[in-house]
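Only one structure is covered here, and it is reproduced in the block below.
What follows is calculated from the coordinates using simple rules that are stated; it is not laboratory data. As the structure is a prediction and not an experimental result, all values here were calculated from the model. Note that each Cβ is placed from the backbone with ideal geometry, even for glycine, and that neighbours are counted across all protein chains shown.
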Amino acid sequence: MSTLPMIARLAVDDTGRAATEPLREDIRYLGGLLGQVIADHAGTETFDLVEGSRRDAFAIRDRELSRDQLAARYVDPDVAELLPVIRAFSNFALLANLAEDLHRERRRRIHLRAGHAPQPSSLAATFAALTDADCTDEQVGAALTHGAVIPVITAHPTETRRRSVFDAQNRITELMRVRARTELTPDEERSLDREISEQILRLWQTALIRLRRLTISDEITTGLRYYDASFFEVVPRLNRDVRRSLSAAYPRADLGDLSIIRMGSWIGGDRDGNPFVTGEVVTEATSAAAAAALRHHLDEVHELRQELAMSARLVSPITDDLRRLGGPDHLDDDEPFRAALRVVRARLAATGRTLLGVDFLTATELEWAATATAYDGPDELSADLDVIDAALRAVVDGAIADNRLGALREAVRAFGFHLSGLDMRQNSETHEDVIAELLAWAGACPDYRGLDEDARVRLLSAELTSRRPLLQEGAALSDLANKELGVLEAAADAVSRFGPDAVPTYIISMCTSVSDLLEALVLLKEVGLYRLDPQGAPRCTVRVVPLLETIEDLQAGADILTAALDLPFYRQLVDAQQGVQEIMLGYSDSNKDGGYLAANWALYRAELDLVTAAANADIALRLFHGRGGTVGRGGGPSYDAILAQPPGAVQGALRLTEQGEIIAAKYAEPVGARRNLETLVAATLESTLLDTEGLGEDSPRAYAVLDELAALARESYSDLVHRTPGFVEYFTDSTPLSEIGALNIGSRPTSRKQTTAISDLRAIPWVLSWTQCRVMLPGWYGTGSAFQQWIGDDPDRLAQLADYYRRWPFFRSVMSNMAQVLAKSDLGLAARYADLVPDEALRERVFGMICDEHARTLDMYAAITGTDDLLADNNALKRSVYNRFPYLEPLNLMQVELLRRFRAGQDSPRIRRAIQLTMNGLATALRNSG
């Protein structure tokens, strides 16, 4: 077997050490408080084991101690003794993450106060770049005709933090800001220390994992908590800032009421492989979202009534529109703004009663609602708020109108009465089963499955150009068909109640053909969401979106789009939907299918082909990126990833999934949320309006090179994953895959089907398993072999790739993300997981292949980039990895020991919980799971 490196090389020196000293001080401070809590509440023996483990871990990093010596600490102790040690290192990871987030915030403030040039990925830098590029008003206006940046909060269950932990972390963050920015007296400092210690004690005494599996209701609640935490504050103000800045710079761009950021969700609508999503769940998800939006609007109107107490005797003139809005009731004659807001408040309450029932309102709000008429939609509410805004600007400084009232007006534009669009998603195989049943029941086709693609398209097209429904009341259908139709009926009801934005999108997983698209439309037709207008033209408020997941499907995507648009009725439908066709790109399954480099290039090539197909058809293309938190699932810095898109792929609009712990990392509090949303908007504007590819006339040659490299990488990856006998057995035995199913972090099974095939395994457990054992295989395997084979002994080929690394954002992003993964890998630790494989020959064969490819990949990275420092372009992450990764050592070593005991038959609730805690702690420390 190959020599095992401890960890891929990271060159850490004293350069910039002074800039990071505040971070180290924060970590020491929080770690010291945690240590005191452990000593006080878990005892000195536990504290000694924790502190001894910490010292040993750093000695291992510094090559002063053998890993065997630390591992030996965990062989004899009972599980009960190891549990507090696991909790200690997991909680330290939480606190270290918090300190790093605060340090990034601190560094941004230092740059801003010093008057430095705007940092890349900030809107200020983007606006400067647009000015330098001499973008015209017409270009900006055309580019943002369909402008939208839509983060979609997903149901993928990698968020492991509980609400109580979330709240404690946010409070510590607030207190640490006070500590950093306030000149405290000694008494105040001691008081602050005590309060932070109390919050850390709350963390220590809170179970990090649940005793029961999350339900979808739990996931709905978890997703909605980010609105109160940050979105309600940040999204409206950022939308206003973007529109104002662009309108000031490009006054003839006609940006109107552009609200570029809108929110989406999969939680409660994504039923692909999740049997727990039902019609009742869809109703719960859409109703809970609407309740959050209406509650926000009601609360803000209440606050506005408190603030806008201007007297008609002291301000004038009062506009006639405001007087009319206030109505004939003379209770607030001297306070016309309050009179108008009283009407708005009552109508909003009536709207809540109509849409959500009396239980939504307080007793007082029910009294208001009894005297008012509900709004027909958010546009009516916006019109009333516009009247108040105009009247306020007529009598006082516009700054007052811009504050709470301005934020509420923007919130109504962004969130409406629906809050966020709930996407529906289902697998094409399920659609086929249901459609076959419906057609057979209606007598339209007894054997739909037996038809070829052309016959299916003709049959489905005929149904979609006819007003006749397939079903009538009382149809006897299978449980599957009834469940699917029940979900869609609930979606139709949500659209009827909350408006078309409540359910904007229907995603077809594993979409491989035009018939897969049309099957979804037929189902939408059965519940009334798809219809023909009086002239026979198709209309549907819901966009059907093919999800291209495997490499083959990505390669066929443009042909599917072209063939669908060749159908006259489908083209009419797209034209009626603003001429926009959305396509979703699947990062996870393409990676699992063909490996890191092959998947990334397949996605890039697919986007190029789709852009061409859309241009030829004269439609707008909107791409939906199904990115996960990890590089193996499309993760990595969002700004760089968006800039790395091919020309024409970002046409002023972008949708992307935000998954798992990434949601908390980005959006748990307003400062971070503002920064991350700003980054998405900045990258979208730059990718739309600037030449970010940088290849010029060399692009055909570069594309041909990547075609060759991707093919070689896929072969190498497939040799291991798809063609090595016993690979599935090795994967199962050497990772905590089987134990992941017991980790109560989500509502769905780990596999789509009951099978051992890699293709049926969900991407989350696939990536999480390799992450836990520190192999990180989905983020690099196959790439080293591809580079080595393609370059051979030819220095010109090496120089060619080095040139692409310097000037092609796509290739640089691929290499940089791969380097980040390699920096987090540790094959010395991975070898201990490999030892869990009972079959010695299988272990030697598979782990040997992994080690050899890992070494090749490191060598080729160094040759192409000119450095063997994997994080040379990311000093912040380099210091984080160097300083914090020793704290992962105990968690990994305890996990291996616990897996060994568990698989030897030492099964108990306590040992299961201990394994789950190590998984939770490692996911937290690595800042990604699956």
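Quick rundown of the values:
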item	result
Convex hull per residue volume in Å³, alpha carbons only, for the range 404-477	165
Residues whose placed amide H lies under 5 Å from that of Ile507, excluding near-sequence neighbours	Met424, Arg425, Gln426, Val545
Residues His302, His854, sorted so that the one with the fewest Cβ neighbours within 10 Å comes first	His302, His854
Given charges at beta-carbon only (K, R positive; D, E negative), |dipole| of the range 353-463 in Debye	260
Stretch gain in nm, segment Ala80-Arg468, where the contour uses 0.36 nm per residue and the Cα spacing is subtracted	133.1 nm
Order of Glu198, Glu897 under a 10 Å beta carbon neighbour criterion, fewest first	Glu198, Glu897
Separation between Cα centres of the range 884-930 and the range 454-474, rounded to whole Å	53
Distant-in-sequence amide H partners of Glu658 (H built 1.01 Å from N, under 5 Å)	Val152, Ile153, Thr154
Furthest towards positive pole of dipole, Ile435, Val580, Ile911, structure part the chain, Cβ charges	Ile911
Relative contact order (%) - the range 778-878, alpha-carbon pairs under 8 angstrom, separation at least six	43
Candidates per GluC sites (Glu not before Pro) in the range 491-597, loop by DSSP, up to 15 other Cβ within 10 Å	none
Candidate lysines - alpha carbon under 16 Å from Lys878, same-chain residues fewer than 8 apart omitted	Lys824
Along principal axes, Cα extents of the range 282-415, largest first, whole Å	49, 29, 22
Which label in (1) 31.5; (2) 35.4; (3) 29.7 gives the computed Kirkwood radius over Cα pairs in Å	(3)
Cβ-placed point charges (K, R +1; D, E -1), dipole of the range 327-412 about Cα centre in debye, nearest 20	160
Mean-position separation - Cα centroids, the range 855-880 and the range 62-140, in angstrom	18
Global geometry of the range 780-926, whether rounded, prolate or oblate, following the gyration tensor of its Cα atoms and the 1.5 cut on a/c	oblate
Ranked Arg413, Arg807, criterion: other C-beta atoms within 10 Å, fewest first	Arg807, Arg413
Among Leu33, Ala148, Leu70 the positive-end extreme of the charge dipole of the range 27-173 (Cβ point charges)	Leu33
Point-charge dipole on Cβ atoms (K/R +1, D/E -1) for the chain, about Cα centre, debye to 20	1640
Positive-pole candidate from Phe417, Ala370, Asn403, dipole of the range 364-460, charges at beta carbon	Asn403
Spatial separation of Cα centroids for the range 392-418 and the range 308-384, in angstrom	15
Straight-distance crosslink candidates among lysines, where the alpha carbon sits under 18 Å from Lys525 and sequence neighbours closer than 8 are dropped	Lys483
